[in-house]
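Questions regarding the structure given below will be posed in turn.
The values are calculated or read from the model by the stated rules, or taken from the named source; none is laboratory data. This is a predicted model, so every value here is computed, not measured. Note that we place each Cβ from the backbone using ideal geometry, even for glycine, and neighbour counts take in every protein chain shown. We work out accessible area using only protein heavy atoms, side chains counted, and drop any ligands, DNA or RNA first. Shrake-Rupley method; radii C 1.70, N 1.55, O 1.52, S 1.80 Å.
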Amino acid sequence: MGKDASVTALSRRSTRAVSALAATLMTASLVSAAPALADNRATGSAADTRITDVQGTGRISPLVGEAVTVPGIVTAKRDFGSARGFWVQDPDPEPADERASSALFVYTGDESADVAVGDELSVSGEVTEYRPGGEDSAYQSTTQLSEAEWTVASSGNELPAAQEITPDTVPDALAPAEGNLDELELQPDKYALDFWESREGERVTVSDARLVSPSTQYNELYVTTKPDENPSARGGAVYGAYDRPNTGLLKIESLIPFDERPFPEANTGDTLSGTTTGPVEYDQYGGYTLMATELGEVVDNGLERQVTAKQNRADMSVATYNVENLAATDEQAKFDALAEGVVRNLRSPDVVTLEEIQDNNGADGNGDGVVEADETLDRFVEAIAAAGGPTYEWRQIDPEDLADGGQPGGNIRVGFLYNPDRVSFVDREGGDATTPVEVEKSRSGTAQLSVSPGRIDPENEAWLESRKPLVGEFEFRGRTVFVVANHFAAKGGDEPTHGRFQPPTRSTEEQRLQQAQVLRGFVDELQGVQPNANIVVAGDLNDFQFSETLGTLTEGGALTSLMDTLPADEQYSYVFEGNSQVLDHILVSDSLRRVDYDVVHINAEFAEQASDHDPQIVRFRPSAPTPAGWPTGS
């Protein structure tokens, strides 16, 4: 996965309130609708306060910490979870400043408010700023009223008109080039994040919007309001550069009770037809969100899972597949679905590098010393054979307990499956969790491994709490191929693209860059002994094709990133917060001939997934061995 930690749907729904409590940003409680303000409430000038005064023209309210009374009409309610409340909007905001939102969220804790949509209120409370993760976090904050009291003046009122979001509504630039957005005045006509902040809490509507992500397990949809912005070949939105984010993305959640309107299941490229309307809220997971009080209907676009091309028997094939925390404790259905992908969609590759193979008891045995994964791998091999595939053999090295990161207790690692009817594995004893593999010169002058399989410099600090790369020596039709399986450090500590700090700090890149340098050093050693060594580097590198991590591996032409050989609208293997992006890679040395590469889209774009990653495959013909100093040739 792109992030190591698994988060349940329940925890995501409750994070807002828990974080607020931890940060002591507020102490909110519901007070029944009262005919008058409490004695300690500000009166007089407070009666003249409007919601636009509370919101102000920046991200932080100029009235934070003050008690205010504002008029408004209830436009929506959240009656679930521990961050309940309702939105009020001024139907006739004053002053008419596009920078100041005319709506506000009234926080009522874990109790539902006794108000109805359409009620005209006079609501009083303390102005607070809620920031997910605490006051120092990189997330943006929400201006709201806490400890609220209100009086209902009338009911059944017409709601303020919702602003229609069209392809030209949201600016193309995300945010100012540099700085803390909290310290800047909003410029909603120039920057996308400023636009959405200036509509915080207000009603907006989208019509006939294309989904750029499948529906998620957390009941979320992502649409694009800019259908021509970096479309993928299959309906998504491709993330192609740090300085060119997709500003048309908008997340949608539902305020409609699920027993009244079940949340829709959808795939990338489907259409959310009709109108979807509701207030705007900031969420640490995905940024600005339309909280739907009216939800359109999903129209199926007929997206199909891909099947890779048939393989020429004279070619060798290597695939990579992140199997998302596969453990022997998983239901058989997961093994069967993954096996179907290997056999049908990948057409039973000769070699498969696997990422996120867990130990035999998975996350159930946190710190119990169990690190073996033979039961996990055996079940996977059996499932593949049952699906009509070959009887694969496997190779891997057990990690030290709790040393390689990932889901706590799972002891994820990388490994190999290989078809012994097509390729041979060269076993050399001595490889273990801490023994580094060395490049040796064979009697014929070509490169070979000291141990096979072997871990690459496993004690290097670059691999602290991260998976160690595994290299294996394979033989195909008398020619040696070195395959390296990888799973670099995750992105979980990076600041969000939609956060208040711009540009966001990508702190996890430092470790991946160190890992790339170690891996590149090993590749250089192989090519130093044998310049035309056949090398395949594959796996979840947890970084983009345009990142410095990939640049380190490809610098000088030592390896070619096959993702770069695809058209721009096909460069993705993972979908995160509406972005079709790259985390998984296959890189090859230029000694490989007749290279044919394919990302096989079977998971990331679909609501029903065997894994959250799409697998990839490369087919090629390896070169004949040529020791250093000899003329090269195939």
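Could you list, in sequence order, all residues of region 117-141 that are among the hydroxyl-bearing types (Ser, Thr, Tyr), under 23 Å from the mean Cα position of the chain (by Cα) and closer than 19 Å to residue 102 by Cα?
Initially, region 117-141 is screened for residues among the hydroxyl-bearing types (Ser, Thr, Tyr), giving 122, 124, 128, 130, 137, 139, 141.
Restricting the remaining residues to those that are under 23 Å from the mean Cα position of the chain (by Cα) gives 137, 139, 141.
Selection gives 141 alone.
Still on this structure: If I go through region 252-274 residue by residue, how many of them are open to solvent by 10 Å² or more (accessible area, probe 1.4 Å), over 13 Å from residue 575 (Cβ atoms), of a type outside the set (Lys, Arg) and touching a strand residue (DSSP E or B) at 6+ places or on another chain (Cβ under 9 Å)? First the steps, then the outcome.
Taking region 252-274 and keeping what is open to solvent by 10 Å² or more (accessible area, probe 1.4 Å), we get 253, 255-265, 267, 271, 273-274.
In the following step, the residues that additionally are over 13 Å from residue 575 (Cβ atoms) were identified as 253, 255-265, 271, 273-274.
In the following step, the residues that additionally are of a type outside the set (Lys, Arg) were identified as 253, 255-260, 262-265, 271, 273-274.
With the extra rule that they be touching a strand residue (DSSP E or B) at 6+ places or on another chain (Cβ under 9 Å), the set shrinks to 253, 255-256, 263-265, 271, 273-274.
Going through region 252-274 one residue at a time, the tally reaches 9.
Moving on to the next point. Please verify whether region 238-251 includes one or more residues that are under 21 Å from residue 85 (Cβ atoms), at pLDDT 95 or above and assigned to a strand (DSSP E or B).
Initial filter on region 238-251 (under 21 Å from residue 85 (Cβ atoms)): 251.
Retained after the next criterion (residues that are at pLDDT 95 or above): 251.
Now drop any that are not assigned to a strand (DSSP E or B), which leaves 251.
Yes - at least one qualifying residue is present in region 238-251.
Please work out which residue is most open to solvent (accessible area, probe 1.4 Å), limiting yourself to region 170-220 and to residues that are on the phi < 0 side of the Ramachandran plot, among the small types (Gly, Ala, Ser) and touching a strand residue (DSSP E or B) at 6+ places or on another chain (Cβ under 9 Å).
Filtering region 170-220 down to residues on the phi < 0 side of the Ramachandran plot leaves 170-178, 180-200, 202-207, 209-218, 220.
Applying the additional criterion that residues be among the small types (Gly, Ala, Ser) yields 173, 175, 177, 192, 198, 207, 209, 213, 215.
Now restrict to residues that are touching a strand residue (DSSP E or B) at 6+ places or on another chain (Cβ under 9 Å): 173, 175, 177, 192, 207, 209, 213, 215.
Details: 173: 43, 175: 18, 177: 89, 192: 3, 207: 52, 209: 9, 213: 8, 215: 15 Å².
That would be 177.
Residue 512 passes all but one of (1) surrounded by fewer than 22 Cβ atoms within 10 Å (Cβ to Cβ); (2) out of contact with any Gly (no Cβ under 6 Å at 6 or more places or on another chain); which number fails?
Tallying (1) surrounded by fewer than 22 Cβ atoms within 10 Å (Cβ to Cβ); (2) out of contact with any Gly (no Cβ under 6 Å at 6 or more places or on another chain), residue 512 fails exactly one: (1).
In region 339-365, what residues are open to solvent by 10 Å² or more (accessible area, probe 1.4 Å) and β-branched (Val, Ile, Thr)?
Of everything in region 339-365, just one residue is open to solvent by 10 Å² or more (accessible area, probe 1.4 Å) and β-branched (Val, Ile, Thr), namely 343.
Given the criteria at positive phi and surrounded by 20 or more Cβ atoms within 10 Å (Cβ to Cβ), does residue 85 qualify?
Details: at positive phi: yes; surrounded by 20 or more Cβ atoms within 10 Å (Cβ to Cβ): yes.
Here the answer is yes, as residue 85 does meet what is asked.
Given the criteria more than 30 Å from residue 495 (Cα to Cα) and assigned to a strand (DSSP E or B), does residue 146 qualify?
Values: more than 30 Å from residue 495 (Cα to Cα): no; assigned to a strand (DSSP E or B): yes.
For residue 146, the condition - more than 30 Å from residue 495 (Cα to Cα) and assigned to a strand (DSSP E or B) - is not met.
Right, next: Which condition breaks for residue 422 when tested against (1) touching a residue at least 40 places away in the same chain (Cβ under 8 Å); (2) not in a loop (DSSP other than H, G, I, E, B)?
(2)
What are the residues in region 139-169 that are open to solvent by 70 Å² or more (accessible area, probe 1.4 Å) and within 23 Å of residue 276 (Cβ to Cβ), if any?
Listed by number, the residues that qualify are 158, 161, 164, 167, 168.
Then there's this: What's the number of the condition residue 66 fails, among (1) open to solvent by less than 60 Å² (accessible area, probe 1.4 Å); (2) among the charged types (D, E, K, R); (3) over 27 Å from residue 248 (Cα atoms)?
With (1) open to solvent by less than 60 Å² (accessible area, probe 1.4 Å); (2) among the charged types (D, E, K, R); (3) over 27 Å from residue 248 (Cα atoms) applied to residue 66, the lone miss is (1).
Evaluate region 119-135: report whether one residue or more is within 23 Å of residue 286 (Cβ to Cβ), of a type in the set (Asp, Glu) and modelled with pLDDT under 95. Talk me through it step by step, then tell me what you get.
Restricting attention to region 119-135, the residues satisfying the condition of being within 23 Å of residue 286 (Cβ to Cβ) are 128-135.
Subsequent filtering for residues that are of a type in the set (Asp, Glu) retains 129, 135.
In the following step, the residues that additionally are modelled with pLDDT under 95 were identified as 135.
Yes: region 119-135 contains one or more residues that are within 23 Å of residue 286 (Cβ to Cβ), of a type in the set (Asp, Glu) and modelled with pLDDT under 95.
Quick one: is residue 412 more than 25 Å from residue 623 (Cα to Cα), open to solvent by less than 10 Å² (accessible area, probe 1.4 Å) and touching a residue at least 60 places away in the same chain (Cβ under 8 Å)?
Working: more than 25 Å from residue 623 (Cα to Cα): yes; open to solvent by less than 10 Å² (accessible area, probe 1.4 Å): yes; touching a residue at least 60 places away in the same chain (Cβ under 8 Å): yes.
For residue 412, the condition - more than 25 Å from residue 623 (Cα to Cα), open to solvent by less than 10 Å² (accessible area, probe 1.4 Å) and touching a residue at least 60 places away in the same chain (Cβ under 8 Å) - is met.
Sticking with this one: Of the residues 383, 363, which is in a helix (DSSP H, G or I), out of contact with any helix residue (DSSP H, G or I) (no Cβ under 9 Å at 6 or more places or on another chain), closer than 15 Å to residue 326 by Cβ and of a type in the set (Gly, Ala, Ser)? Even if it seems obvious, please write down each step before you answer.
Working: 383 fails: out of contact with any helix residue (DSSP H, G or I) (no Cβ under 9 Å at 6 or more places or on another chain).
Unique residue meeting the criteria: 363.
What are the residues in region 526-549 that are in a helix (DSSP H, G or I) and open to solvent by 20 Å² or more (accessible area, probe 1.4 Å), if any?
Restricting attention to region 526-549, the residues satisfying the condition of being in a helix (DSSP H, G or I) are 526-529, 548-549.
Correct list: 527, 528, 529, 548.
What is the number of the single condition among (1) more than 30 Å from residue 591 (Cα to Cα); (2) in contact with a Leu (Cβ under 6 Å, 6 or more places away or on another chain) that residue 437 does not meet?
Only one criterion in (1) more than 30 Å from residue 591 (Cα to Cα); (2) in contact with a Leu (Cβ under 6 Å, 6 or more places away or on another chain) is unmet by residue 437, namely (1).
Then there is this: Of the numbered conditions (1) closer than 29 Å to residue 438 by Cβ; (2) open to solvent by 40 Å² or more (accessible area, probe 1.4 Å); (3) out of contact with any helix residue (DSSP H, G or I) (no Cβ under 7 Å at 6 or more places or on another chain); (4) touching a residue at least 24 places away in the same chain (Cβ under 8 Å), residue 497 fails exactly one; give the number of that condition.
Among (1) closer than 29 Å to residue 438 by Cβ; (2) open to solvent by 40 Å² or more (accessible area, probe 1.4 Å); (3) out of contact with any helix residue (DSSP H, G or I) (no Cβ under 7 Å at 6 or more places or on another chain); (4) touching a residue at least 24 places away in the same chain (Cβ under 8 Å), residue 497 violates only (1).
I'd like to verify a number: residues in region 441-450 that are open to solvent by 10 Å² or more (accessible area, probe 1.4 Å) and free of Cβ contacts under 8 Å to residues at least 40 places away in the same chain, how many?
4
What is the one condition in (1) in contact (Cβ under 8 Å) with a residue 60 or more places away in the chain; (2) in contact with a helix residue (DSSP H, G or I) (Cβ under 6 Å, 6 or more places away or on another chain); (3) within 25 Å of residue 354 (Cβ to Cβ) that residue 516 does not satisfy?
Going through the list (1) in contact (Cβ under 8 Å) with a residue 60 or more places away in the chain; (2) in contact with a helix residue (DSSP H, G or I) (Cβ under 6 Å, 6 or more places away or on another chain); (3) within 25 Å of residue 354 (Cβ to Cβ), residue 516 breaks only (1).
Here is a check on your reading of the model: is residue 415 on the phi < 0 side of the Ramachandran plot, among the small types (Gly, Ala, Ser) and not in a loop (DSSP other than H, G, I, E, B)? Don't jump to the end; show me each part of the working.
Working: on the phi < 0 side of the Ramachandran plot: yes; among the small types (Gly, Ala, Ser): yes; not in a loop (DSSP other than H, G, I, E, B): yes.
For residue 415, the condition - on the phi < 0 side of the Ramachandran plot, among the small types (Gly, Ala, Ser) and not in a loop (DSSP other than H, G, I, E, B) - is met.
Of the residues that sit in region 307-330 and are charged (D, E, K, R) and either open to solvent by less than 60 Å² (accessible area, probe 1.4 Å) or within 25 Å of the chain's Cα centre (by Cα) (or both), which one is nearest to residue 166 (Cα to Cα)? Break it down into steps so the answer makes sense when it comes.
Within region 307-330, the first condition is being charged (D, E, K, R), and the residues that meet it are 310, 313, 315, 324, 330.
With the extra rule that they be either open to solvent by less than 60 Å² (accessible area, probe 1.4 Å) or within 25 Å of the chain's Cα centre (by Cα) (or both), the set shrinks to 315, 324, 330.
Numbers: 315: 49, 324: 37, 330: 44 Å.
Restricting to residues being charged (D, E, K, R) and either open to solvent by less than 60 Å² (accessible area, probe 1.4 Å) or within 25 Å of the chain's Cα centre (by Cα) (or both), the top hit is 324.
Take the residues in region 591-613 that are under 15 Å from the mean Cα position of the chain (by Cα) and among the small types (Gly, Ala, Ser), then tell me which one is farthest from residue 481 (Cα to Cα). It would help to see each step written out before you state the result.
At the first step, the residues of region 591-613 found to be under 15 Å from the mean Cα position of the chain (by Cα) are 603-607, 609, 611-613.
This time we only want the ones that are among the small types (Gly, Ala, Ser), so: 604, 607, 611.
Values: 604: 30, 607: 37, 611: 28 Å.
Restricting to residues being under 15 Å from the mean Cα position of the chain (by Cα) and among the small types (Gly, Ala, Ser), the top hit is 607.
State the number of residues belonging to region 295-306 that are surrounded by fewer than 17 Cβ atoms within 10 Å (Cβ to Cβ) and either in a strand (DSSP E or B) or among the aromatic types (Phe, Trp, Tyr) (or both).
2
Something else about it: Quickly run through region 308-335 and pick out the residues that are assigned to a loop (DSSP other than H, G, I, E, B), among the charged types (D, E, K, R) and in contact with a strand residue (DSSP E or B) (Cβ under 6 Å, 6 or more places away or on another chain). Quick ask: steps written out before the conclusion?
Here is the first cut: in region 308-335, the ones assigned to a loop (DSSP other than H, G, I, E, B) are 308-315, 327-331.
Subset that is among the charged types (D, E, K, R): 310, 313, 315, 330-331.
Matches in region 308-335: 315 only.
For the structure I just gave you, tell me whether residue 249 is open to solvent by less than 20 Å² (accessible area, probe 1.4 Å), touching a Ser or Thr at 6+ places or on another chain (Cβ under 8 Å) and either farther than 29 Å from residue 93 by Cβ or hydrophobic (A, V, I, L, M, F, W, C) (or both).
Numbers: open to solvent by less than 20 Å² (accessible area, probe 1.4 Å): no; touching a Ser or Thr at 6+ places or on another chain (Cβ under 8 Å): yes; either farther than 29 Å from residue 93 by Cβ or hydrophobic (A, V, I, L, M, F, W, C) (or both): yes.
So residue 249 fails the test.
On the given criteria, is residue 424 small (Gly, Ala, Ser), open to solvent by 50 Å² or more (accessible area, probe 1.4 Å) and in contact with a strand residue (DSSP E or B) (Cβ under 7 Å, 6 or more places away or on another chain)? Steps first, please.
Numbers: small (Gly, Ala, Ser): yes; open to solvent by 50 Å² or more (accessible area, probe 1.4 Å): yes; in contact with a strand residue (DSSP E or B) (Cβ under 7 Å, 6 or more places away or on another chain): yes.
The answer is yes for residue 424.
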